[in-house]
Every structure is written in C-alpha cells, then in structure tokens.
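Heads up: the structure comes next, in structure tokens.
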C-alpha cells in the first residue's frame, strides 16, 4: 500500500482503543492477577510458580507472534489481511480469561496463560502491521506516540481493574469484557484491504539474515535489551514492594497500581511529544538513546533506594524515559523493515524482542536472587542492560 498523507482520526482512535484492550488483557494478569493466583495456589513456591506460568506464556508469544504475522501477510480474506487475525485473537483471548478465572492449579494457570498469550499476540501482530500498511513514514512518530499512550493506558487500566476487583476471578472476567468492547470500534472501521491470491508473498524467513539486513538486526538487539531491563523490574515488582520496601499485602497491591498510574502519566506526557518531535526533526536515534538512559536512571533508583518516596519518584522518571522510547523506537523499527510485503512477519520477529525478555527474565531473576544479590542486584542488572540497549542504537545506519 502506498503512503497517503491523510490518516483519519477516527481510524487512529479505533486503533488506540484496540491497543488499550490488548494491553489491559496482557498486563492486568502480569502485574497483579497471576502473582496473586500463584501465591494462593502455591504459597511456599510463589516465585517459581509465577516464573513457570509467565515463562510458558512468553515462550508461546515468542514463537507465535511472527507466525501470526506471516500468515496475516498472506491472508486473502474479503475482510482484509489483518482484521481476521484481530477478531480471532480477541475471541481466543476472551476464552483464555474465562479459563484463567476458573483455574485451580498451577498447570491450569499455565495452560490458560499460554492460550491468552497465543491469542493476544495474534491481535498484536495484526495491529502492529496496520501502521506501516496505512501510515506514511513522516507520520509514524506521532501515531507511534498515540499507540504508546494507548499501551500505557492499557497497562494502567488493566492493573487498576486487577487491583480493584474483589477477587482474581472477577479481575479476569472484567478484563475479558474490556477486550471485547475495545476491539469492536476498530473492527467496524479497520480500513483493512484484501490482497489477491496471486499477490501473496512467498513464505519463509531466509530474507531476515542479519548479514543482509544489519539495521534490522541491531533494531532487534536494542529493543530486546531495553525490554529485558523493563521485564526484570515488572515481573517481581509486587514481591519487591513486600520484601524490600516492607509493605503489607494490601498496601503492596494498591502501590503497584499507583506506581503504574504514575508511570503512565509520565508516558502520556512524553510519548506524544517525543514522537512528534522526532517526526519534525527527522531523527530517531538520538531520542532512543536519551530515553533509554533516562529509563536506566530510574532503574538505578529502584536498586539503590528501596524506600517508598524514592520508588514513587523513580516511577515518574521511568514513565518519562520509557514513554518517549516506545514512541520513537516504534517509528524507527518500521523504517528498517526488509520488505513491506512481509511487514507483519518482520514486525512479529521484532516483537520477539519484546516477548523473549519475559522468558529470560524469570531465569535471570531466579539466578540473581538465588545467589543472594537480592533485588538490588536484580535492578542493577536491569539498569545495565537498559544502558547497553540505548547506546547500541548508534549501530543502526540507515535511520538518522
């Protein structure tokens, strides 16, 4: 599809709502519900149980996101290439939330969360690919900012729902309803286009050789490192607040939501501004570098000052840094895709850099905590990989 200067606001709004529902469904469980459920079902082994469940889900996400993207690139439905996968993924995600609401064992939790990740990653693959499909390069920073804000609203909203509902089951059921309601407006106005069978690109991953596409490879590496630092923070945030900061169970639950809201406010303030600023400047890398360094500074505060006032301040700084990073990084990666006909597949491969840290973070965290370095060591590691992820973006040559 050729670039067109007009990007209807109603279309962007529908996309924003779909993103809010998607990330509510992903992070409400990740930040609150899964941890509470693991503690209820396996109180003496809550950390390892949570690591098993989240690791299994992230492994499913890592494999299936590019697969769904590759299939959507080649879908010839009259509804278009992306919309069938969005609708199917939303349906599967709703079923998974219903399963999780009734889970009575760690195995049932793991199966339900694996299904949720499989389904919601079909939605993610479809949504992500619509931007290079329908948004010109010169507007992608601004649209990326809108989607970064939407992602943050989804994270905050999902966490708030999970913390505010009276039970774990009610939290899952409410998130299922949110997913359905927020998906419908975009489904009714997707502007998705169909392709003829003879126009389908050949299937395969050979063209993604790092030697042939080094900028794509470096974009993957930098995104992986930045998301690994973020995953190391988020995965054990609830336990960090209890064990390091010293909060009781009720206070820790409400503080997770409060920190997420403060983080979200910082993201909202910087995502639009950073994305639009990078569009006007025609530059991406310098914005990624500085936002990554700001994110790392926030992680250092978590590591070195486990007190409630310091944690609140760090959440503000984290939102400022990571919000700008998300907006500009999204615009940057859409400019290094090897082939537009395979945009969903290639973006799916890039999305592995978001999902894979969720697989590796539990193992890394277990090693750091098991060796006695505590949460200070864990969050120092998170800060270090974030710094590395931000500075390696200079290796991307084709984007200023």
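The values are calculated or read from the model by the stated rules, or taken from the named source; none is laboratory data. The structure displayed is predicted, hence computed values, not measured ones. Cβ coordinates were reconstructed from backbone atoms using ideal geometry, including for glycine residues, and neighbour counts include every protein chain displayed.
One table, with the values for the structure above:
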{"read-out": "Residue 210, sole failed condition from (1) in contact (Cβ under 8 Å) with a residue 24 or more places away in the chain; (2) within 26 Å of residue 293 (Cβ to Cβ)", "value": "(1)"}
{"read-out": "Which listed residue is modelled with pLDDT of 85 or more, over 23 Å from residue 249 (Cα atoms) and in a helix (DSSP H, G or I), from 187, 169, 148, 162", "value": "187"}
{"read-out": "Among residues of region 66-86, those that are touching a helix residue (DSSP H, G or I) at 6+ places or on another chain (Cβ under 6 Å) and assigned to a helix (DSSP H, G or I), counted", "value": "8"}
{"read-out": "Candidates 99, 109 - the one that is surrounded by fewer than 20 Cβ atoms within 10 Å (Cβ to Cβ) and either touching a residue at least 12 places away in the same chain (Cβ under 8 Å) or assigned to a loop (DSSP other than H, G, I, E, B) (or both)", "value": "99"}
{"read-out": "Test result for residue 363, closer than 26 Å to residue 30 by Cα, surrounded by fewer than 16 Cβ atoms within 10 Å (Cβ to Cβ), in contact (Cβ under 8 Å) with a residue 40 or more places away in the chain and over 17 Å from the mean Cα position of the chain (by Cα)", "value": "yes"}
{"read-out": "Selection count, region 341-360, where residues are closer than 23 Å to residue 50 by Cβ and over 12 Å from the mean Cα position of the chain (by Cα)", "value": "2"}
{"read-out": "Any hit, region 17-37, residues being surrounded by fewer than 20 Cβ atoms within 10 Å (Cβ to Cβ), more than 17 Å from the chain's Cα centre (by Cα), part of a helix (DSSP H, G or I) and in contact (Cβ under 8 Å) with a residue 12 or more places away in the chain", "value": "no"}
{"read-out": "Residue match in region 263-275 (condition: over 19 Å from the mean Cα position of the chain (by Cα) and surrounded by fewer than 20 Cβ atoms within 10 Å (Cβ to Cβ))", "value": "yes"}
{"read-out": "Filter result for the condition that a residue is more than 29 Å from residue 269 (Cβ to Cβ), buried (at least 24 other Cβ atoms within 10 Å of the Cβ) and touching a residue at least 12 places away in the same chain (Cβ under 8 Å), over 80, 141, 158, 57", "value": "57"}
